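Data block below; observations after.
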Amino acid sequence: MYVDNDPMVYAHPRTMLDVCSSTKAVLADIEQIGELLNHPGVQALDDRRPTAVLLHDVLPWVSDELAETAMAALRAWLPDGSAISVTHATTDMAPDAMRALVAHYAEAGITYRPRTLEQIRELLAPWATLSPGVIPTTQWRAGSSRSISSGENPGAYAAIAHTCHRIE
Ligand SMILES: C[S@@+](CC[C@H](N)C(=O)[O-])C[C@H]1O[C@@H](n2cnc3c(N)ncnc32)[C@H](O)[C@@H]1O
């Protein structure tokens, strides 16, 4: 399932995913997480089975408050054993380049919010983050045959976490 709030973006996965019963495109806004989770497409997911959610470069488009709300709602809603994969832009690695990107978006009336390592860790604090924690995307599983080349400045962090309901 692919979820996006931009009708132009949604048009593409719709043509590719809404052609078979096991895949789906959903037009919904993570800023209205209650509505998103109640969307019939999302409700069609099997809530008896663990679900993997990829939030890749989505949270920087959302305010601190709404990002926290969305993360909490997802955590409460996901079945036991589910996992979330987050990538998040940061100003930590190349602040000038990231500030230029933020300014570029702002000129188009779009707010983009790269966050610090500490802020991203805070968003994930209620979750059980898997080793090696929140790290630059290029260092994810560095050294494994499937790792991508280790650039100095990916400009983003990555983390995988799970809901851990059972041991609370
Ligand atoms: C950089 S793209 C990443 C897309 C995808 N996650 C990936 O990794 O390829 C960010 C996407 O987030 C979507 N987006 C931005 N704000 C959103 C919101 N409030 N709710 C849902 N999607 C949003 C944008 O329309 C855009 O398609």
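The values are calculated or read from the model by the stated rules, or taken from the named source; none is laboratory data. All figures in this text were calculated on a predicted structure; none of them were measured in a lab. A quick note on method: Cβ atoms are made from the backbone with ideal geometry, for glycine too, and the neighbour counts reach across all protein chains shown. Note: accessible area is taken over every heavy atom of the protein model, side chains too, but ligands, DNA and RNA are not part of it. Shrake-Rupley method; radii C 1.70, N 1.55, O 1.52, S 1.80 Å.
Among the residues here, Ala108 does not qualify as modelled with pLDDT under 95 and either over 25 Å from Ala72 (Cβ atoms) or open to solvent by 60 Å² or more (accessible area, probe 1.4 Å) (or both).
Residues in the range 8-22 that are touching a Phe, Trp or Tyr at 6+ places or on another chain (Cβ under 8 Å) and more than 13 Å from the ligand (Cβ to nearest atom): Leu17 alone. Applying the condition of being assigned to a loop (DSSP other than H, G, I, E, B) and open to solvent by less than 40 Å² (accessible area, probe 1.4 Å) to the range 52-90 and asking which residue is farthest from the ligand (Cβ to nearest atom) yields Pro79. Scanning the range 18-33 for residues that are in a helix (DSSP H, G or I) and open to solvent by 40 Å² or more (accessible area, probe 1.4 Å) turns up Glu31, Gln32. Working only within the range 37-46, note down all residues that are more than 16 Å from the ligand (Cβ to nearest atom) and exposed (fewer than 13 other Cβ atoms within 10 Å of the Cβ). Matches in the range 37-46: Pro40, Gln43, Ala44, Asp46.
Filtered by the rule that a residue be of a type in the set (Lys, Arg) and farther than 19 Å from Glu122 by Cβ, the range 56-111 gives a lone residue, Arg99. Of note, Met71 satisfies the criterion of being closer than 28 Å to Leu36 by Cβ and out of contact with any Pro (no Cβ under 7 Å at 6 or more places or on another chain).
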